[in-house]
Amino acid sequence: MDNPLVQVNPGLAIWAIVVFLVLLFLLRKFAWGPLLRFLEAREEKISKSLDDARKAQEELERLNRESADILRKAHAEAEAIVSKSYAEAEKLREEMKQKARADADAIIRDAKSQIETETGKALRQIRSEIADMSVMIASKLIQRNFTKEDNSELIEETLKQIESGPRPN
Amino acid sequence: MWMSAAAQEHGGSEGFNAGETIIGHIADTVEHPIIHLPKIFGIDFSITKHVFMLFFVAILVFTIVTWIVRRYLKQGPVPTGAGNALEFVVLWVRDTIVQPNVGQKWVNTWAPLILTFFAFIFTANLIGLVPIFETLTLLNHWVFHAGPDTAFYRLLHGGTTVTANFNVTAGLALVTFFAIIVAGSKAHGFLQHWKNTVPPGFAWPIYIILIPIEILGMLVKPFALTMRLAANMTGGHIAILAVISLVFLFTGMFQTPWAGIGVAPVSVILAVGISLLELIVVLVQAYVFTLLSAVFIGMVIHVHH
């Protein structure tokens with residue numbers, strides 16, 4: 001064929017193959033290889049970082065949930081403690097009140113009974129003393145030599161005295 | 001620049017031959033290589049313009065990519081500037097071209113090949129749009145005055161776009177062809193790879209038809225890659241050159257340079273438009289070659305029957 005555009009030239013084709021293969025070899029060794037490895041390493045790093053970030057986020061959420069839980073529990077516990085102590089205080093107050101009342105009652109009762117005992121004792125003493133006095137008066141009267149009129153007058157007076165004073169029994 | 005180059009070569013005394021000029025700007029310089037080398041087994045290994053451009057593109061790609069990568073790796077985890085751009089391209093190729101086709105297991109095995117395909121073809125395509133040698137021709141005309149026998153003078157002739165030469169694209173497609181075999185053998189073992197090429201479980205007469213079809217399909221894949229890339233690259237260049245040629249054709253037709261000057265704005269606007277279109281084609285063709293290579297490699301790794 002005359003047309004130089006369609007001339008077969010195996011030399012050129014072989015040159016093309018050789019040049020291309022040499023270029024391929026060199027680029028692979030010095031450019032594409034290192035570059036592709038770098039890109040892959042970077043992709044791995046990025047996906048790992050994203051993964052780590054996601055994990056950290058999850059961990060954070062978990063911790064948040066946990067702390068909220070703990071807070072809620074603590075609140076409930078505190079409330080329980082407060083209400084329990086209220087109730088206990090109330091109970092204690094009630095108990096003390098009752099004990100005080102009982103004590104007071106007991107004291108009053110004791111006092112009353114003591115008063116009664118003392119009163120009885122006093123009366124008994126007074127009575128015995130009156131009797132002694134009467135006996136003494138009577139003996140004194142007997143020892144003197146009374147006239148008839150004197151006798152009756154003295155008896156009269158003594159009786160009046162006894163009647164006007166507080167009577168025993 | 002194209003205009004000036006064409007003017008320098010042909011726009012002088014004799015008539016202007018658009019066809020010859022255009023071919024001169026696209027074809028390889030097989031007849032007048034830059035450096036003559038002896039033939040080995042009847043194959044001419046002389047350094048022609050396109051061989052030179054292969055070297056040039058390869059060195060350019062290697063230098064730029066390696067430089068950016070070295071800087072990128074030094075930068076640490078947050079890249080900036082060119083490293084960022086390269087990272088974007090590499091990730092795009094790896095994640096949208098290689099990974100979906102060959103699968104996660106084989107990404108790192110085949111990503112370098114696909115990346116090299118993309119970088120090399122894209123750069124070669126793109127350099128074809130930059131009129132380096134037309135500029136040098138102009139400089140030679142006015143400044144250097146290198147004689148026609150010097151290597152420098154011979155360097156100025158011929159097409160700049162290696163990927164517009166189907167010998168080159170055939171070489172690249174052959175790489176894909178063997179990469180497919182290597183991929184299949186690596187994934188399934190050498191013998192199993194060849195067994196995988198035809199679906200199992202049919203009666204033997206079916207295979208008489210199937211096996212030739214599969215072999216044909218195996219050969220058609222690289223052939224399609226070859227033709228698609230070369231034809232696309234050639235087509236755009238021819239269009240640009242043809243539009244620019246209008247200037248000289250009009251000059252010749254009306255026997256006055258004013259006709260050429262008059263049509264020049266139209267030519268320039270059209271050439272700029274086609275060049276913008278070419279920018280897209282350059283990227284798309286590099287992408288298509290790369291993607292199809294990845295698809296073919298993926299097909300033998302994940303055999304569907």
Order the peptides A:102-112, B:103-113, B:293-303 from the highest to the lowest mean number of other Cβ atoms within 10 Å of their residues. B:293-303, B:103-113, A:102-112
Kindly state, to the nearest 0.05, the FRET efficiency for A:Ser83 paired with A:Ala41, given R0 = 56 Å and r defined as their beta-carbon distance. 0.35
I'd like the orientation of helix B:81-92 relative to chain B: the angle between its Cα long axis and the longest Cα principal axis, in ° from 0 to 90, rounded to 10. 50 degrees
Under 13 Å from the Cβ of B:Gln75, count the other residues' Cβ atoms, weight Lys and Arg +1, Asp and Glu -1, and hand me the total. +3
Starting from the amide H of B:Asp44, placed 1.01 Å from N in the peptide plane, find each other amide H under 5 Å away whose residue is 5 or more places distant or on another chain. A:Gly11
With a 27 Å threshold on alpha-carbon distance, the violating pairs from A:Lys48/B:Lys105; A:Lys29/B:Lys105; A:Lys45/B:Lys105; B:Lys49/B:Lys186; A:Lys140/A:Lys160; A:Lys97/A:Lys121 are B:Lys49/B:Lys186; A:Lys97/A:Lys121
Which FRET efficiency, nearest 0.05, do B:Ile43 and B:Met227 yield, Cβ-Cβ r, R0 22 Å? 0.50
Most mobile of B:Ile68, B:Ile211, B:Ile40 per a Gaussian network model of chain B (Cα springs, under 10 Å)? B:Ile40
I'd like the projected area of the protein assembly as shown, averaged over all directions, using the convex hull of its alpha carbons. Report it in nm² with one decimal. 61.7 nm²
Angle between chain B longest axis and helix B:204-254 axis [Cα atoms, degrees, rounded to 10]: 20 degrees
For chain B, set up a GNM with springs between Cα atoms under 10 Å and report which of B:Ala85, B:Ala239, B:Ala164 has the largest fluctuation. B:Ala85
Based on the Cα coordinates of the stretch B:2-301, what is the per residue volume of their convex hull in Å³? 192 Å³
How long are the semi-axes of the equivalent ellipsoid of chain A, defined as square roots of 5 times the Cα gyration tensor eigenvalues? Whole Å, largest first. 145, 12, 6
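Every number in this text was worked out from the coordinates using simple rules, so none of it is lab data. Small disclaimer: the values here were computed from a predicted structure and weren't measured. Quick reminder, even Gly has a Cβ in these numbers, built from the backbone with ideal geometry, and neighbours come from all protein chains shown.
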